[in-house]
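This report concerns only the one structure given below.
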Amino acid sequence: MTSTATPATISTDEIFAAHEGGKLSVETKQPLDSTRALSIAYTPGVAQVSRAIAAEPSMAATHTWASRLVAVVSDGTAVLGLGNIGPAASLPVMEGKSALFKTFGGLNSIPLVLDTTDVDEIIETLIRLRPSFGAVNLEDISAPRCFELEQRLIEALDCPVMHDDQHGTAIVVLAALTNAARVTGRDLAGLRVVISGAGAAGVACANILLEAGIGDVVVLDSRGILCTGRSLDGVKGDLAGRTNPRNLEGGVAEAMAGADVFVGVSSGTVPEEVLPTMAPEPIIFALSNPDPEIHPEIASRYAAVVATGRSDFPNQINNVLAFPGIFRGALDSGARRITPAMKVAAAQAIADLVGDGLAADHIVPSPLDPRVAPAVAAAVAEASLAGSMTS
């Protein structure tokens, strides 16, 4: 979950000046400084390329930018820590996301903010725009609509689609938890994990931890533990049937007793008095921004490893560690889907980069580490190709 903390040394004037006129621009790959250059890039030369693509549509992948272009799509209903602020107000965030794609993944990206919250209308819009892009990064779309939207787009479009608020967070959580388990001498699969939050990030975290082999995952929403004894349907009902193997009921106190790991991806708070009831040397990931579910200073009194979503504490769980490399690897390999195996491979690549520097306050690499995106891309591409050979 990307940090929303603003360092005290950055002034408001500096922030607004940096955003004036937007943060993106389009640059040409060849200079248009002569009649000959114009004739090649545009008329009459471009007509030959257009005729060739009309005769052989697959040439669009090699002779336009579409196959390497990521559309960053939002309706502005769940922006950062700001909530439902609408598409226009979300555009600075989407521009920033496109800038991150270019800087860290080497991918061109274009922000598309849509003035509708209707799932059918969003899907229809992206189907009609499909010739213009090669992948879709869904961003800041509220739950539970985001689950239906992502799944239906995956089925409707023949290109990679991923809701980063779900899977980017989950991938980095798995990477961090892999290394936290190493630091504390635990077996990853044997961990007892509590996830506070059953929205986009919480559901994705539960799914990827299950995919990674962790069998004891308990998920909480605002009303308590997801369990088969509650009247739940949709995504929560499905999750209740696949988690909570000890059939726990109740709230955060019942869930936390004996737990090895707490992952917070909600807007709630966790009382300090439940922390001593966790297993010895627990792992606490309090990821909400700007206010974590458990303040890191309090969590550190009890936990062996603490992570947050903020940049002003160690172990920031930052989506930028995941999404540029994931999309780069998917596009490099020609993948039409981003699969669970590709997400787990991305998490492992992130975890492995920490290497000999592994410590309680260093379980994930820096978001600015230039090795991250290439390593993730390579792991994702390898998993994609392996999956295509076995399917």
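Pick from Ala322, Ala240, Ala17: which residue has the top mean-square fluctuation in a GNM of the chain where Cα pairs under 10 Å get a spring?
Greatest mean-square fluctuation among the candidates belongs to Ala17.
What percentages make up the Cα-Cα pair-distance distribution of segment 221-283 when the bins are 5 Å wide from 0?
Using 5 Å bins, I get a P(r) of 4, 17, 26, 25, 18, 8, 2, 0 for segment 221-283.
Got a number for carbon plus sulfur as a percent of the chain's accessible area, 1.4 Å probe? Write down the numbers at each step before the final one.
Details: 9850 of 18120 Å².
Result for the chain: 54 percent of the exposed heavy-atom area is carbon or sulfur.
Go ahead and run the numbers for FRET between Asp356 and Thr28, Cβ-Cβ distance against an R0 of 45 Å, rounding to 0.05. Please report the intermediate quantities before stating the final value.
On the way: r = 44 Å, r/R0 = 0.98.
After rounding, the FRET efficiency stands at 0.55.
Past 18 Å, Cα to Cα, is the threshold; run Lys23/Lys102; Lys29/Lys102; Lys102/Lys343 against it and keep the listed order.
Lys102/Lys343
Would you compute, for the Cα atoms of the chain, the largest minus smallest coordinate along each principal axis and list the three values in descending order, in whole Å?
Here the Cα extents, ordered largest to smallest, are 75, 49, 42 Å.
Please work out the C-alpha center-to-center distance from segment 194-214 to segment 274-293 and express it in whole Å.
A separation of 16 Å, based on Cα centres.
Can you give me the C-alpha center-to-center distance between segment 102-132 and segment 341-391, rounded to a whole angstrom?
Rounded to whole Å, the Cα centres lie 26 Å apart.
So in segment 237-391, what percent of DSSP beta bridges are antiparallel if you round to the nearest 5?
On the way: 1 of 10 bridges.
If we restrict to bridges inside segment 237-391, about 10 percent are antiparallel.
Once the Cα atoms of helix 200-211 and of the chain are each reduced to a long axis, what angle between those two axes, in degrees from 0 to 90 to the nearest 10, is obtained?
80
What do you get for the angle between helix 119-129 and the principal long axis of the chain? Use alpha-carbon atoms, 0 to 90 degrees, nearest ten.
30
For Val305, enumerate residues with amide H under 5 Å from its amide H, sequence gap 5+ or separate chain, H modeled in the peptide plane.
For Val305, the qualifying residues are Ile284.
Can you report the principal axis dimensions of segment 70-162 using only the alpha carbons, biggest first, rounded to whole angstrom?
32, 32, 18
If you plug each phi of segment 52-69 into the Karplus form 6.51 cos²θ - 1.76 cosθ + 1.60 with θ = phi - 60°, what whole-Hz ³J(HN,Hα) values come out, in order, with x for Gly and Pro?
5, 5, 4, 7, 9, x, 5, 5, 4, 6, 10, 10, 9, 8, 4, 5, 10, 9
How much mean residue ellipticity at 222 nm does the chain get from its helices, if each DSSP H run of length 4 or more adds -39500 (n - 2.57) and you divide by all residues, to the nearest 500 deg cm²/dmol? Before the final figure, lay out each step's value.
Values: 15 runs with 159 residues, N = 391.
Calculated from helices alone, the mean residue ellipticity at 222 nm is -12000 deg cm²/dmol.
Mind ranking 294-306, 182-194, 48-60 by how tightly packed they are, going by the mean number of other C-beta atoms within 10 angstrom, highest first? Before the final figure, lay out each step's value.
Numbers: 294-306: 19.2, 182-194: 17.7, 48-60: 11.9.
Answer by packing, highest mean first, reads 294-306, 182-194, 48-60.
In Å², and per residue, what accessible area does segment 101-150 have when probed at 1.4 Å with the other protein chains present? Provide the component values of the computation, followed by the final result.
Working: 2220 Å² over 50 residues.
That works out to 44 Å² per residue.
The values are calculated or read from the model by the stated rules, or taken from the named source; none is laboratory data. Just so you know, these numbers come straight off a predicted model, no measurement behind them. Ideal geometry is used to build each Cβ from the backbone, glycine not excepted, and the neighbour counts take in all protein chains shown. For the accessible areas, the whole protein counts, side chains as well, though only heavy atoms, and no ligand, DNA or RNA atoms are used. Shrake-Rupley method; radii C 1.70, N 1.55, O 1.52, S 1.80 Å.
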